[in-house]
Amino acid sequence: MYIRVLITSLLVAAGVSAPAASAAVTPGDGLALTPPMGFNNWNSTHCRADFNEAMIKGIADIFVSKGLKDAGYQYVNLDDCWALPQRGPDGSLVPDPVRFPNGIKHVADYVHSKGLKFGIYTSAGTKTCNSAGFPGGLGFEQQDANLFASWGVDYLKYDNCNNQGVDARLRYTTMRDALRRTGRPIVFSICEWGQNKPWEWAADVGHLWRTTGDISDNYSSMLNIAKRNWELADYAGPGHWNDPDMLEVGNGGMTDTEYRSHFGLWAIMAAPLLIGADLRKVSPATFDILGNREVIAVDQDPLGVQGKLTKSVGGLHVLVKPLRNGDKAVLLFNEGETTGQIATSAAELGLPRAPAYRLRDLWVHTDSHTAGTISATLPPHGSAMFRVSMDRSWAQYPPAVHAGASIETVYPGALPIVTPGTTTTVTTSITNNGRAPALFASSTLSAPSGWTVRADSPTSAVVLRTDQSFTTKWTVGVPAGLAPGTYVLQGQASYRPDVTLPYTLEVVVPGAPPSGTSFASDVKWLRVTNGFGPVELDRSNGERRAGDGNVITINGVQYAKGLGTHAPGVVEYYVAGRCTAVTADVGLDDEKGNNGTATFEIWADGQKVADSGVLTNLMPAKPLRADITGATLVRLISTDAGDGNNSDHTDWADARLICG
Ligand code: GLA
């Protein structure tokens, strides 16, 4: 089956009205009425030596010089490893004299001198989390709280390690009371990783609580945390926030597209915005993301409602956050690996009926109006964020137009493959979501040098009315001998009055298909996803690093060749119609005892051509053979059989591709 995939586009954007001043009833002690914003060193330094006085002062300086303080960032917080491993003779915590030669009060005073606030860290246990064993606060709550207050601490992150099995509610309530008794207003951050469902009991204990384990600087960690945190929207509010952990924006493990999604997700979820990158070293793009005041305004909106998921279709999500002045913030997010299109509407957002609405694009910073549809074509892991307003003056903004380029893919969600030495058809489209007509709408398309591009149908339309689309077909010549890799086609839509919308289309040149009969583990795959760790070649799946598995073994039978995957897994090969069959002995690896259950499937393009049914660890390997004659792409898929993927070490033993 062939489907059309639209590739990148944008909606024209719209303006923000300033939120009305807060008239909310002050909950609790009046602290953290909006999610705390600031910095914490952990994600960038962990316990390394560059966590020291110079860093903390440098961050405070940058908060001021780069306008982050003015954008709302306030707290400059220390994480673990600021203290010596032993308490002093009087039982007091002692700052590490190498990292903080002038003590902690000196650093706090410096931060305060910049008009900022200062935070510190310890654990609700006998020791903190770092293996060096720094002293924790359990049993020392009042003494430590008094010391922190005497230093001028404004924020305490209180961790969960080495807690001796003492009830979490008791441990955190004891510290809350100790902090209160100091008389100093101190924001209290509960960091027990969601283990005891703090959202159910901590609204009057802490001002924020971690909902998950630690974030790390990669897309799948960020995504998993976001998805768990957005389920908890109902529990958040002024003075008591869900905390999906500190930001990784700027640490280098994600693309800027992914970091924009990370930041937008945190903002729509009214999450604390604690910068986790060493701002002395980051790129201008990082400052653009972290300093985006329109996105920050969504996070900090005084209504204090966490945005909710209102729609999810095939990994494309819509999250909506109501704002104090009646506007709605909307995040359209593509979690998946292929470009996708998602739409919502003013009615779905809960806005009253109106002829049109003002639409503000919070990343592109432009205004438009929509008759109701809010849509975008999003690249893999990408997002678009809007503020939608009732506005009787909507007609002063141009119509919101959705534009993009697409090619046919082999099945829905397949990579957009092109073959060197052939031509491919690209379609560009422009859709008017506005109430007013878009006039003289036109599309362009260009390709890297050496490629050819020819329009096969008109490239412009005189008028596009509400919900009307206009498409252009293009023949694109892919040069012979092109190296495998990703190539980018670019274009733009333009229309009156004076609007242009850029779009891009990424296409993939695959490597050469296999010939003869080969072991799958000797053929380069096109792409892969895996439940845990990398897919292993001729080894079972060890869940972490490449090569950490064992000899593939199913029910006592060992195999020298095969793929060690972990459900849910997909290993995809480009076979270009050259292969006739796939064979394998499939089963769950003996290394997990009798715990796993899984299914094994083989797909030829968009069709399932073999299915093992549910296999368990107790069963012998099952021979699978699939006819894949004529297929362009073949996928070896393992599923968790519907019961979670714990212990699902799915071996494709002796897997072979049989080709001409
Ligand atoms: C735990 C916390 C982290 C960090 C480290 C410090 O893992 O969840 O955020 O504070 O401890 O050791």
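For (1) in a loop (DSSP other than H, G, I, E, B); (2) surrounded by fewer than 21 Cβ atoms within 10 Å (Cβ to Cβ), each residue gets a yes or a no:
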residue: A60; (1), (2): no, no
residue: F63; (1), (2): no, no
residue: V76; (1), (2): no, no
residue: C81; (1), (2): yes, no
residue: R87; (1), (2): yes, yes
residue: S92; (1), (2): yes, yes
residue: V98; (1), (2): yes, yes
residue: P101; (1), (2): yes, yes
residue: I104; (1), (2): no, no
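Any idea how many residues of segment 292-330 are in a strand (DSSP E or B), in contact (Cβ under 8 Å) with a residue 60 or more places away in the chain and in contact with a His (Cβ under 8 Å, 6 or more places away or on another chain)? Counting residues in segment 292-330 that are in a strand (DSSP E or B), in contact (Cβ under 8 Å) with a residue 60 or more places away in the chain and in contact with a His (Cβ under 8 Å, 6 or more places away or on another chain) gives 1. Scanning segment 512-531 for residues that are touching a strand residue (DSSP E or B) at 6+ places or on another chain (Cβ under 7 Å), surrounded by fewer than 16 Cβ atoms within 10 Å (Cβ to Cβ) and not in a strand (DSSP E or B) yields S515, G516. When every residue of segment 106-129 is checked against the conditions, at least one turns out to be within 16 Å of the ligand (Cβ to nearest atom), in a loop (DSSP other than H, G, I, E, B) and open to solvent by 60 Å² or more (accessible area, probe 1.4 Å). Among the residues of segment 219-241, are any in a loop (DSSP other than H, G, I, E, B) and within 16 Å of the ligand (Cβ to nearest atom)? No, segment 219-241 has no match at all. Restricting attention to segment 335-348, does a residue exist that is surrounded by fewer than 21 Cβ atoms within 10 Å (Cβ to Cβ), at pLDDT 95 or above, over 19 Å from A400 (Cα atoms) and out of contact with any Asp or Glu (no Cβ under 9 Å at 6 or more places or on another chain)? Scanning segment 335-348, I find no residue that is surrounded by fewer than 21 Cβ atoms within 10 Å (Cβ to Cβ), at pLDDT 95 or above, over 19 Å from A400 (Cα atoms) and out of contact with any Asp or Glu (no Cβ under 9 Å at 6 or more places or on another chain), so the answer is no. Only residues that are buried (at least 24 other Cβ atoms within 10 Å of the Cβ) and not hydrophobic (A, V, I, L, M, F, W, C) were counted across segment 579-590, and they come to 2. Please go through segment 354-375 and pick out each residue that is touching a helix residue (DSSP H, G or I) at 6+ places or on another chain (Cβ under 6 Å) and either within 15 Å of T431 (Cβ to Cβ) or surrounded by fewer than 22 Cβ atoms within 10 Å (Cβ to Cβ) (or both). If the condition is that a residue be touching a helix residue (DSSP H, G or I) at 6+ places or on another chain (Cβ under 6 Å) and either within 15 Å of T431 (Cβ to Cβ) or surrounded by fewer than 22 Cβ atoms within 10 Å (Cβ to Cβ) (or both), then H369, G372 are the ones that fit. Restricting to segment 27-54, count the residues that are part of a helix (DSSP H, G or I) and within 16 Å of the ligand (Cβ to nearest atom). The number of residues fulfilling the criteria is 4. If the condition is being of a type in the set (A, V, I, L, M), more than 16 Å from the ligand (Cβ to nearest atom) and surrounded by fewer than 24 Cβ atoms within 10 Å (Cβ to Cβ), then segment 130-153 contributes L147, A149.
Once segment 154-165 is narrowed to residues that are within 16 Å of the ligand (Cβ to nearest atom) and part of a loop (DSSP other than H, G, I, E, B), the residue that is surrounded by the fewest Cβ atoms within 10 Å (Cβ to Cβ) is N162. Restricting attention to segment 187-212, the residues that are among the hydrophobic types (A, V, I, L, M, F, W, C), within 14 Å of the ligand (Cβ to nearest atom) and open to solvent by 10 Å² or more (accessible area, probe 1.4 Å) total 1.
Of the numbered criteria (1) outside any loop (DSSP other than H, G, I, E, B); (2) open to solvent by 70 Å² or more (accessible area, probe 1.4 Å); (3) touching a residue at least 12 places away in the same chain (Cβ under 8 Å), the one T500 fails is (3). Scanning segment 626-660 for residues that are part of a strand (DSSP E or B) and either closer than 21 Å to L526 by Cα or of a type in the set (D, E) (or both) yields a total of 19. Enumerate the pairs (first residue in segment 80-107 and among the hydroxyl-bearing types (S, T, Y); second residue anywhere and surrounded by fewer than 21 Cβ atoms within 10 Å (Cβ to Cβ)) with beta-carbon separation below 8 Å, excluding pairs fewer than 6 apart on the same chain, so at least 6 apart or on different chains. What qualifies is S92/Q143; S92/L147.
Of I342, I289, which residue is closer than 22 Å to A71 by Cα and either aromatic (F, W, Y) or not in a loop (DSSP other than H, G, I, E, B) (or both)?
On the way: I342 fails: closer than 22 Å to A71 by Cα.
Only one candidate passes the filter, namely I289.
Taking the numbered list (1) without any contact (Cβ under 8 Å) to a residue 12 or more places away in the chain; (2) open to solvent by less than 40 Å² (accessible area, probe 1.4 Å) in turn, K281 passes all entries but (2). Regarding segment 186-199, can at least one residue be identified that is of a type in the set (D, E, K, R), outside any loop (DSSP other than H, G, I, E, B) and out of contact with any helix residue (DSSP H, G or I) (no Cβ under 7 Å at 6 or more places or on another chain)? Among the residues of segment 186-199, not one is of a type in the set (D, E, K, R), outside any loop (DSSP other than H, G, I, E, B) and out of contact with any helix residue (DSSP H, G or I) (no Cβ under 7 Å at 6 or more places or on another chain), which makes the answer no. Pairing residues of segment 509-532 that are within 20 Å of R545 (Cα to Cα) and touching a residue at least 40 places away in the same chain (Cβ under 8 Å) with residues that are open to solvent by 70 Å² or more (accessible area, probe 1.4 Å) and in a loop (DSSP other than H, G, I, E, B), at Cβ distances under 7 Å and at least 6 apart in sequence or on separate chains, gives G531/P568. Figure legend. Inter-residue proximity from segment 147-174: first residues closer than 29 Å to Q74 by Cβ, second residues in a helix (DSSP H, G or I) and among the polar types (S, T, N, Q), beta-carbon distance below 8 Å, spacing 6+ or different chains. Indicated pairs: F148/T182; A149/T182.
L290 meets all of the listed conditions (1) at positive phi; (2) surrounded by 20 or more Cβ atoms within 10 Å (Cβ to Cβ) but one, namely (1). From the list A567, A546, A576, A610, the one residue that fits, being among the small types (G, A, S) and surrounded by 24 or more Cβ atoms within 10 Å (Cβ to Cβ), is A567. Filtering segment 535-547 for residues that are basic (K, R) and modelled with pLDDT under 95 leaves a non-empty set.
Exactly one residue among G556, G593 is modelled with pLDDT under 95 and open to solvent by 30 Å² or more (accessible area, probe 1.4 Å), and that residue is G593.
S383 satisfies every condition listed in (1) farther than 17 Å from V499 by Cα; (2) more than 24 Å from the chain's Cα centre (by Cα); (3) of a type in the set (S, T, Y); (4) open to solvent by 20 Å² or more (accessible area, probe 1.4 Å) except (2).
From the list G264, G183, G250, which one is more than 16 Å from the ligand (Cβ to nearest atom), touching a Ser or Thr at 6+ places or on another chain (Cβ under 6 Å) and over 21 Å from V305 (Cβ atoms)?
Working: G264 fails: over 21 Å from V305 (Cβ atoms); G183 fails: touching a Ser or Thr at 6+ places or on another chain (Cβ under 6 Å).
One residue alone meets the criteria, G250.
Number of residues in segment 213-239 that are open to solvent by 20 Å² or more (accessible area, probe 1.4 Å) and among the small types (G, A, S): the value is 3. Of all residues in segment 532-542, exactly one satisfies the criterion of being touching a Leu at 6+ places or on another chain (Cβ under 8 Å) and open to solvent by 60 Å² or more (accessible area, probe 1.4 Å), namely L537.
The values are calculated or read from the model by the stated rules, or taken from the named source; none is laboratory data. This structure is a prediction, so every number in the text was calculated from the model and none was measured. Note that each Cβ is placed from the backbone with ideal geometry, even for glycine, and that neighbours are counted across all protein chains shown. What goes into the accessible areas is simple: the full protein's heavy atoms, side chains included, and nothing from ligands, DNA or RNA. Shrake-Rupley method; radii C 1.70, N 1.55, O 1.52, S 1.80 Å.
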